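Heads up: the structure comes next, in structure tokens.
The values are calculated or read from the model by the stated rules, or taken from the named source; none is laboratory data. Treat the numbers as computed from the prediction; the structure is a model and nothing was measured. Here the Cβ positions follow ideal geometry from the backbone for every residue, glycine too, while neighbour counts run over all protein chains shown.
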Amino acid sequence: MFFWALLGLAVPILIHLFRFRRFRTVYFTNIKFLQELRKETHSRSRLRHLLILLMRCLAIIALVFAFARPYLPGAQKAIIGTSAISIYIDNSFSMNARGESSSLFELAKKQALDIVASSKPSDRFQLITNDFEGRHQRLLSAEQFSEQIQEVQLSPAVRKISEVITRQSDLLKHSAIQNKIIYLVSDFQAGSSDFNSTKPDTGIRLNCIHLNAVQADNISIDSVWFEKPFREKDKPETVQLRASNRSAKRFDDVPVKLIADGAQRGLESLSLGADSTSNSQLVFTASGSGFHSAYVELNDFPIVFDDRYYISWNTPEQIKVLCINGGSENSYLNQLFLRNKAFEYKNVSALQLDYTSLSQQQCIILHEIGSLSSGISQELKKFIQNGGSVLVFPSLNSDLASWGAFLSSIGAGTYGQVVHQEQKVGMLNSHHPIYDDVFEKKPEGIDLPLTRAYLQIKPGQGKEESIMRLQNGERFLTQFDVGKGKIYLTSGPLNEEAGNFQKHALFIPTIYKIALYSFPAVQLSYTLGEGKGISIGSVALGADQTLRMRSLDEDLEIIPEHRVIDGNVWIYPGNRIKKAGSYKVLQGSTEVARVSFNYSRQESSSERLSSSVLEETLQDAGWTSAQLFDGNQKEIRQAISDREQGKSLWKLFVILALIFLAAESIIIRLVK
């Protein structure tokens, strides 16, 4: 329509023709040089008027084209009508890395607002983050979206790109709006950018806003654990830690602190080469029994969420050991346990056993029980699978059928026939955990126990680790893992007829360490966002009683869901705990457990997809029409508009019109 204005070109042309004058030639015989001068002046004047006419025509043409708003077609077909736009903002901890002027997270929020600003007033928007909140499952106006985006914070939650796209697609598919667009605003970590796990949808436009960090060096503490699996009151503890340098430069003498029960208990320094992992250790003493918490900490910038690692544990006042006797009590066991304050030791006859008391123990010793009833077999199986330890000293006159049924049901080795033959122990597994700190150096040529009569121990289906074997290869003491617990089988009773183990120097450290190791190995920490249940052991709960979880600094308290499974209480905090730290589990005002949570280290990696690799990944995954934008540019709305609506040229023609008018003015003033 605007091109009808090109008829206006007739105006300067008519003016030019109207002002054009024809010259009559007059010849003079004596003024030859004057004639040549007039011809030259006439030619120059004509050229000047033609240039002025050309500049005016070009200026009019440029203005007409400017008002016609021409454009170069965009990479995508222009969208007509209202659109439903789902915008994902990556709010994982890796987005705390620095961009050119701010953190990637702040830049992501700004770019999301620019996307909204570049859209039509009728468009509707969905905000989605790694938290997958229910309130983000609806379409909003531009104003509502802008308000909601201000509330988004960094989160420990980590999502795969495939999960995000699936959630976005589910909402858009249920929308009646025809045009459907997805934006992913992220740094696209290599570990989470699984586009190959997604199924491209031709009805949805995919756009990726790629953010690049200019400073992403990071050192992280990946895990912390104790050197030994059990805790002893007022004894030195060795804490092991693993730290990683996830950058291309070396770090030397990085200070690492251990804070236990609110006080600094250790200090160490680390040196880490580029892209390397290093182990170190700290030694401290946690005073007293009961629940303890600690964390190991270092400092680096700008990614700080993985600089601290929390752990919690329980140091028992006494370990509960119950000896179930088939006959009389054993004096050697009594001397070992009754005089040691670290144990709460009780003897009970197999005929007077209260089955409900088994779940309250940590270690159960079965001493010369000839036959096992189905009732005690079932309770022992449940006890072991829930983390308890059972040590068996069989009677040489045992009912092999009842024992075989019990041991087979848990996958342990079974007892065979009695062998009356003197044999010495020929193999001692000094590397077994129960012999840690028992020998100053590897034992060689030491005197080992002997047996005079023993029950053969046949292999089972479960995981087995031999502790002692006789010279003929038969098992003397062996361990089977059953569920969360262990069962230790010996080849005979503790008496002179069977052998001399009860009088040997190895008897005390072996039985003592088995009892120590029986205290349940509580998991030191959990990862936020996993949603797994946490076993806190046997807690007597009334029908209407609830448990509470409270952070040590008391800034958060929740009531977790709980279930009782086989006598053990399991709690399920779900996603209500979002802050790493240590938490008390309270029954009323009594602390019954303590658990620690850490952020996932998945976001610690600085490996991000480059723009070229991301583009190749999209193509390989089938997203051939996906568009990739550089998220680090200050104004992304123009780039989006150019891609979808084409490159507008009206500004160019306005500039050209001004240039032509300026050229006309110069010609008028300077060309005489």
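Can you tell me which of 351, 267, 298, 282 is within 30 Å of residue 248 (Cβ to Cβ), exposed (fewer than 14 other Cβ atoms within 10 Å of the Cβ) and of a type outside the set (S, T, N, Q)?
Checking each option against the conditions leaves just 267.
Could you check, for segment 319-331, whether at least one of its residues is in contact (Cβ under 8 Å) with a residue 40 or more places away in the chain, out of contact with any helix residue (DSSP H, G or I) (no Cβ under 7 Å at 6 or more places or on another chain) and within 20 Å of residue 291 (Cβ to Cβ)?
no
With modelled with pLDDT of 90 or more and surrounded by fewer than 22 Cβ atoms within 10 Å (Cβ to Cβ) as the only criterion, which of 124, 135 stands out?
None of the other options fit; the residue is 124.
Which condition does residue 610 not pass, out of (1) hydroxyl-bearing (Ser, Thr, Tyr); (2) over 25 Å from the mean Cα position of the chain (by Cα); (3) at pLDDT 70 or above, if it passes all the others?
(2)
Which one is farthest from residue 98 (Cα to Cα), of the residues in segment 613-647 that are in contact with a helix residue (DSSP H, G or I) (Cβ under 9 Å, 6 or more places away or on another chain), at pLDDT 85 or above and in a helix (DSSP H, G or I)?
Among residues in segment 613-647 that are in contact with a helix residue (DSSP H, G or I) (Cβ under 9 Å, 6 or more places away or on another chain), at pLDDT 85 or above and in a helix (DSSP H, G or I), the one farthest from residue 98 (Cα to Cα) is 620.
Taking the stated definitions as given, is residue 258 at negative phi, crowded, with 18+ Cβ neighbours inside 10 Å and part of a helix (DSSP H, G or I)?
no
State whether the residues of segment 354-363 include one that is touching a residue at least 24 places away in the same chain (Cβ under 8 Å), over 44 Å from the mean Cα position of the chain (by Cα) and surrounded by 16 or more Cβ atoms within 10 Å (Cβ to Cβ).
There is no residue in segment 354-363 that is touching a residue at least 24 places away in the same chain (Cβ under 8 Å), over 44 Å from the mean Cα position of the chain (by Cα) and surrounded by 16 or more Cβ atoms within 10 Å (Cβ to Cβ).
Check 231, 250, 265 and return the single one that is within 30 Å of residue 319 (Cα to Cα) and free of Cβ contacts under 8 Å to residues at least 40 places away in the same chain.
So the residue among 231, 250, 265 that is within 30 Å of residue 319 (Cα to Cα) and free of Cβ contacts under 8 Å to residues at least 40 places away in the same chain is 265.
Being surrounded by fewer than 21 Cβ atoms within 10 Å (Cβ to Cβ) and aliphatic (A, V, I, L, M) is the requirement here; does residue 336 meet it?
yes
Here's the yes/no breakdown for (1) in contact with a strand residue (DSSP E or B) (Cβ under 9 Å, 6 or more places away or on another chain); (2) outside the structural domain of residue 103 (by TED's automatic domain parsing); (3) at positive phi; (4) in a strand (DSSP E or B):
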position	(1), (2), (3), (4)
299	yes, yes, no, no
306	yes, yes, no, no
324	yes, yes, no, yes
332	no, yes, no, no
348	yes, yes, no, yes
356	no, yes, no, no
366	yes, yes, no, yes
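Take the residues of segment 456-486 that are in a loop (DSSP other than H, G, I, E, B) and among the charged types (D, E, K, R): which is nearest to residue 417 (Cα to Cα)?
458
Within segment 126-243, which strands (runs of 3 or more DSSP E) (wholly inside it) include 2 or more residues that are more than 30 Å from residue 581 (Cβ to Cβ) and over 16 Å from the mean Cα position of the chain (by Cα)?
Hits in segment 126-243: 179-186, 205-210.
Which condition number in (1) within 17 Å of residue 491 (Cα to Cα); (2) over 39 Å from the mean Cα position of the chain (by Cα) is the one that residue 377 fails?
(1)
Residue by residue, here is whether (1) without any contact (Cβ under 8 Å) to a residue 40 or more places away in the chain; (2) assigned to a strand (DSSP E or B); (3) surrounded by 13 or more Cβ atoms within 10 Å (Cβ to Cβ) holds:
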{"residue": "417", "(1), (2), (3)": "yes, yes, no"}
{"residue": "420", "(1), (2), (3)": "yes, yes, no"}
{"residue": "434", "(1), (2), (3)": "no, no, yes"}
{"residue": "445", "(1), (2), (3)": "yes, no, no"}
{"residue": "448", "(1), (2), (3)": "no, no, yes"}
{"residue": "454", "(1), (2), (3)": "no, yes, yes"}
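For segment 159-184: of the residues being closer than 25 Å to residue 211 by Cβ and among the polar types (S, T, N, Q), which is surrounded by the fewest Cβ atoms within 10 Å (Cβ to Cβ)?
166
When you look at residue 248, is it surrounded by fewer than 20 Cβ atoms within 10 Å (Cβ to Cβ), aliphatic (A, V, I, L, M) and closer than 30 Å to residue 85 by Cα, yes or no?
Spelling it out, it is not the case that residue 248 is surrounded by fewer than 20 Cβ atoms within 10 Å (Cβ to Cβ), aliphatic (A, V, I, L, M) and closer than 30 Å to residue 85 by Cα.
Could you please find all residues in segment 135-164 being aliphatic (A, V, I, L, M), over 21 Å from residue 103 (Cα atoms) and out of contact with any helix residue (DSSP H, G or I) (no Cβ under 8 Å at 6 or more places or on another chain)?
164
Can you pull out every residue in segment 538-552 that is part of a loop (DSSP other than H, G, I, E, B) and either surrounded by fewer than 18 Cβ atoms within 10 Å (Cβ to Cβ) or assigned by TED's automatic domain parsing to the domain that holds residue 364 (or both)?
538, 540, 541, 542, 543, 544, 545, 546, 552 - these are the residues of segment 538-552 that are part of a loop (DSSP other than H, G, I, E, B) and either surrounded by fewer than 18 Cβ atoms within 10 Å (Cβ to Cβ) or assigned by TED's automatic domain parsing to the domain that holds residue 364 (or both).
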